Amino acid sequence: MTQTWKTVKPYLLITPQTLVFILFLVMPITMIGVVSFWEFNGYSMTPAFTLDNYVGIFTSDVTLKTYLNTFKFLGMVWLATLLIGYPVAYFLSFHVPKLKWQIVLFLLCTIPFWTSNIIRMISWLPLLGREGLVNQMLLNVGLVNQPLEFMLYSDFAVVLGMVHLYIIFMIAPIFNSLMRIDRNLITASEDLGASGFATFKEVILPLSAPGIAIGSIFIVTLVMGEFVTVRLMGGGQAASVGKLIQTQIGSLQYPLAAANAMVLLAVTMIIVVSILRVLNIRKEL
């Protein structure tokens, strides 16, 4: 009896998590996949098996350009969050001596995230608009002769909004990786005569790479499905796959939206798996 209990116990322990995983992840994705093969005649959908929805995605110039535009947003947001997030995490890890102040300053970075995403996006409107504070300041100091139109309702505004929303998801894992680095390794590098740049390049950067990978996965998964920021900051002038899916759902084109969702999921998984193949993040988890 005891031996049987020891054998069954691990399976009983994982049963609740398995049920939650199946009910709230596997089954919804499966249903989306099934609906993606249904027929849609422009007015109603019919249970069937057709590849027309997927063929339409890969043969539509508009849809393909929307995917390319999403990749553009992803690349720009990833680069911006990395260039901003890494120095912030580095400063907190190596230039703030006391752990207490490291925690305090890190919490300060999270203050903007205490409000909803929509409120944070709306807060940019009076700053970046044609009559906004930034344009008024530039006009007053004479740097420009007329308001800058690209600052709002543009790709620039969308990228800025996403960076504002998701920068913490790059800072946090990098900060965690940098804090895990054994300081004796840095001391040894300096004792061997390595310059500060050489120490960073050969010791700090490679050891913080798993944190960069985790942050990159966060950015990929968040940006690829983004639609709220695209709608608010793009003002109808920017497009993304998430916004396309939202529009299709709003017009009751569920099979087309489901097909786009499955393609988007597949593309996102390919990017995430590629990151995992390049860098080993198991030590960080």
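The values are calculated or read from the model by the stated rules, or taken from the named source; none is laboratory data. Computed from a predicted structure; not experimentally measured. Cβ coordinates were reconstructed from backbone atoms using ideal geometry, including for glycine residues, and neighbour counts include every protein chain displayed.
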(message) Looking at Thr15, Thr7, Thr30 in this structure, which one is surrounded by 11 or more Cβ atoms within 10 Å (Cβ to Cβ) and more than 19 Å from Gly250 (Cα to Cα)?
(response) Thr30
(request) Would you kindly identify the helices (runs of 4 or more DSSP H) lying entirely within segment 190-285 that contain at least 2 residues that are touching a residue at least 60 places away in the same chain (Cβ under 8 Å) and on the phi < 0 side of the Ramachandran plot? (result) 205-224, 228-234, 241-250, 254-278
(request) Check Ile212, Ile204 and return the single one that is crowded, with 18+ Cβ neighbours inside 10 Å, within 17 Å of the chain's Cα centre (by Cα) and either among the β-branched types (Val, Ile, Thr) or farther than 29 Å from Phe156 by Cα (or both). (result) Ile212
(request) Look through Ala172, Ala198, Ala194, Ala213 and report the one residue that is closer than 16 Å to Ile84 by Cβ and among the small types (Gly, Ala, Ser). (result) Ala172
(message) Quick check on my filter: what residues within segment 173-189 are in a helix (DSSP H, G or I) and surrounded by fewer than 19 Cβ atoms within 10 Å (Cβ to Cβ)?
(response) Asn176, Met179, Arg180, Arg183, Asn184, Leu185, Ile186, Thr187, Ala188, Ser189
(message) Quick check on my filter: what residues within segment 229-261 are under 15 Å from Lys65 (Cβ atoms), surrounded by 23 or more Cβ atoms within 10 Å (Cβ to Cβ) and polar (S, T, N, Q)?
(response) Ser240, Asn260
(request) Please work out which one of (1) out of contact with any Ser or Thr (no Cβ under 9 Å at 6 or more places or on another chain); (2) polar (S, T, N, Q); (3) modelled with pLDDT of 85 or more is the condition Thr4 fails and give its number. (result) (3)
(request) Only residues that are touching a residue at least 12 places away in the same chain (Cβ under 8 Å) and under 18 Å from Phe37 (Cβ atoms): list them for segment 48-71, please. (result) Phe49, Thr50, Leu51, Asp52, Asn53, Tyr54, Gly56, Ile57, Thr63
(request) Could you look through segment 139-159, keep only residues that are assigned to a loop (DSSP other than H, G, I, E, B) and in contact (Cβ under 8 Å) with a residue 24 or more places away in the chain, and pick out the one that is surrounded by the most Cβ atoms within 10 Å (Cβ to Cβ)? (result) Leu152
(request) Would you be able to tell me the number of residues in segment 45-95 that are surrounded by 14 or more Cβ atoms within 10 Å (Cβ to Cβ), closer than 30 Å to Ala209 by Cβ and of a type in the set (A, V, I, L, M, F, W, C)? (result) 14
(message) Looking at the structure I just gave you, is Gly42 touching a residue at least 24 places away in the same chain (Cβ under 8 Å), surrounded by fewer than 18 Cβ atoms within 10 Å (Cβ to Cβ) and either within 24 Å of the chain's Cα centre (by Cα) or farther than 18 Å from Leu264 by Cβ (or both)?
(response) no
